[in-house]
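In what follows, a single structure is set out as structure tokens and then discussed.
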Amino acid sequence: MAIQWFPGHMHLTRKAIGERVKDIDVVIEVLDARLPGSSANPLLSELTGHKPTLKVLNKQDMADPERTPLWLDWYNAQPGVRALQLDASDTAPTRKLIDGCHQLSPNRGGMAKPMRVLICGVPNVGKSTLINTMSNKRQAKTGDEAGITKLEQRITLADDFYLWDTPGMLWPRITAPESGYNLAASGAVGRNAYDEELVALELLRRLQRQYAPLLEARYKLALPEGAVAQMHDEELLEAIGRKRGAMLGGGRVNLQKTAEIVLTDFRTAILGRITLETPTEFEAWREAGLLEDAERAIRKEARKVKTKKPQRGGAPEA
Ligand code: G4P
């Protein structure tokens with residue numbers, strides 16, 4: 001499935017991050033704990049190079065509590081990376097972030113060497129909510145200070161701790177289709193950029209394999225035990241639509257409306273605490289995606305060579 005989004009301010013944001021990162025000690029990347037691999041922006045690591053990074057697995061209250069530790073371990077095993085989990089019910093997230101940043105950059109701190117931090121995240125990971133909780137209305141808005149671009153906001157979390165906020169940024173092309181589906185299911189991608197029915201079907205397929213009891217409990221499908229996991233995804237979407245009364249004339253199910261119901265139930269965690277990917281799955285998708293990209297590049301190169309006209313005056317063939 002292709003997700004077609006218009007990357008809005010992407011180029012400007014990218015430029016702003018590229019400029020700001022030179023003076024930054026630590027990057028905080030806010031991730032969606034329900035898709036901690038797919039919500040990490042590969043463009044960001046390109047832009048921030050080897051800056052120490054704090055990965056915040058946010059909205060952990062909606063994620064599978066058995067899977068979040070797998071992701072924390074996976075990220076914490078990476079050099080220059082620390083990870084922690086968080087959610088909006090945390091009344092004092094500032095201390096956690098400040099401590100995490102000091103662990104990553106122990107030489108910064110104090111008025112002479114304040115900690116300078118860039119905070120990023122794809123849309124809808126809860127970055128604004130987190131910043132609002134932390135900033136306590138201390139943030140300096142665009143234009144308040146010289147040297148801060150229109151796309152940035154500087155927030156003083158402590159006298160020696162500055163946080164630069166950037167707009168939520170996606171990247172131009174998603175390598176692994178599974179990551180695209182997960183991002184769309186989470187609400188990170190604008191509604192016009194994908195087909196909701198396709199995204200709901202893909203989500204159901206994932207949930208059937210890994211969270212079938214939650215589907216049974218939510219939609220009360222009254223099927224024999226184990227049947228939900230065996231159903232065809234379209235059959236399941238239809239059964240949910242019937243159960244929820246999403247009908248068109250002539251006894252047909254309104255699949256679009258049903259898709260919206262399923263997506264909303266996932267996004268609001270009414271379905272339960274779900275994590276759509278494990279580190280192992282995510283790595284496999286990413287590797288397959290990269291391989292496909294490489295093969296595509298080779299095919300493109302081969303086509304170019306094939307269609308290249310022989311140059312005039314070239315050496316005569318033997
Ligand atoms: P963003 O800046 O990264 O784009 O995300 P934002 O803070 O706007 O949050 C997106 C949605 O996620 C909001 O819900 C927000 O309330 C919700 N949210 C943020 N953090 C958490 C969290 O830790 N746990 C849970 N369960 N939800 C969280 P919304 O319905 O889009 O808006 P609202 O009416 O609730 O504000």
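Out of all the residues in segment 262-287, which are in contact with a Lys or Arg (Cβ under 9 Å, 6 or more places away or on another chain), within 16 Å of the ligand (Cβ to nearest atom) and of a type in the set (Val, Ile, Thr)?
Listed by number, the residues that qualify are 270, 274, 275.
Here are some residues: 21, 27, 56. Which one is part of a helix (DSSP H, G or I), hydrophobic (A, V, I, L, M, F, W, C) and either within 22 Å of residue 109 (Cβ to Cβ) or at pLDDT below 90 (or both)?
Working: 27 fails: part of a helix (DSSP H, G or I); 56 fails: part of a helix (DSSP H, G or I).
Of the residues listed, the single one that is part of a helix (DSSP H, G or I), hydrophobic (A, V, I, L, M, F, W, C) and either within 22 Å of residue 109 (Cβ to Cβ) or at pLDDT below 90 (or both) is 21.
So, in segment 148-201, of the ones that are within 20 Å of residue 17 (Cα to Cα) and of a type in the set (D, E, K, R), which residue ends up surrounded by the fewest Cβ atoms within 10 Å (Cβ to Cβ)?
Filtering first and then ranking leaves 150.
Got a number for residues in segment 34-85 being in contact with a Pro (Cβ under 6 Å, 6 or more places away or on another chain) and surrounded by 23 or more Cβ atoms within 10 Å (Cβ to Cβ)?
Of the residues in that region, 2 qualify.
Looking at segment 103-134, which of the residues that are free of Cβ contacts under 8 Å to residues at least 60 places away in the same chain and outside any loop (DSSP other than H, G, I, E, B) is farthest from the ligand (Cβ to nearest atom)?
Going through segment 103-134, the residues free of Cβ contacts under 8 Å to residues at least 60 places away in the same chain turn out to be 103, 106-107, 109-114, 128-129, 131-134.
Narrowing the set further to residues that are outside any loop (DSSP other than H, G, I, E, B) leaves 103, 128-129, 131-134.
Values: 103: 22, 128: 3, 129: 3, 131: 8, 132: 8, 133: 9, 134: 12 Å.
Residue satisfying both the conditions and the ranking: 103.
Name the single residue, out of those in segment 77-102 being within 18 Å of the chain's Cα centre (by Cα) and not in a loop (DSSP other than H, G, I, E, B), that is farthest from residue 54 (Cα to Cα). Give the steps one after another, and end with the answer.
So in segment 77-102, the residues within 18 Å of the chain's Cα centre (by Cα) come out as 81-88.
This time we only want the ones that are not in a loop (DSSP other than H, G, I, E, B), so: 81-85.
Details: 81: 6, 82: 5, 83: 6, 84: 8, 85: 11 Å.
Top of the filtered list is 85.
So, in segment 263-303, how many residues would count as being among the aliphatic types (A, V, I, L, M), under 22 Å from residue 31 (Cα atoms) and either loosely packed, with under 10 Cβ neighbours inside 10 Å or in contact (Cβ under 8 Å) with a residue 60 or more places away in the chain (or both)? Outline the logic, then answer.
Initial filter on segment 263-303 (among the aliphatic types (A, V, I, L, M)): 263, 269-271, 274, 276, 284, 288, 290-291, 294, 297-298, 302.
Subset that is under 22 Å from residue 31 (Cα atoms): 263, 269-271, 274, 276, 284, 290.
Cutting the leftovers down to either loosely packed, with under 10 Cβ neighbours inside 10 Å or in contact (Cβ under 8 Å) with a residue 60 or more places away in the chain (or both) gives us 263, 269, 271, 274, 276, 290.
Of the residues in segment 263-303, 6 are among the aliphatic types (A, V, I, L, M), under 22 Å from residue 31 (Cα atoms) and either loosely packed, with under 10 Cβ neighbours inside 10 Å or in contact (Cβ under 8 Å) with a residue 60 or more places away in the chain (or both).
Can you confirm whether segment 236-246 contains a residue that is surrounded by fewer than 17 Cβ atoms within 10 Å (Cβ to Cβ) and either assigned to a loop (DSSP other than H, G, I, E, B) or among the hydrophobic types (A, V, I, L, M, F, W, C) (or both)?
For segment 236-246, residues surrounded by fewer than 17 Cβ atoms within 10 Å (Cβ to Cβ) and either assigned to a loop (DSSP other than H, G, I, E, B) or among the hydrophobic types (A, V, I, L, M, F, W, C) (or both): present.
The values are calculated or read from the model by the stated rules, or taken from the named source; none is laboratory data. It should be emphasised that the depicted structure is a prediction, and the values quoted were computed from it without experimental measurement. For neighbour counting, all protein chains shown are included, and Cβ atoms are generated from backbone atoms with ideal geometry for every residue, glycine included.
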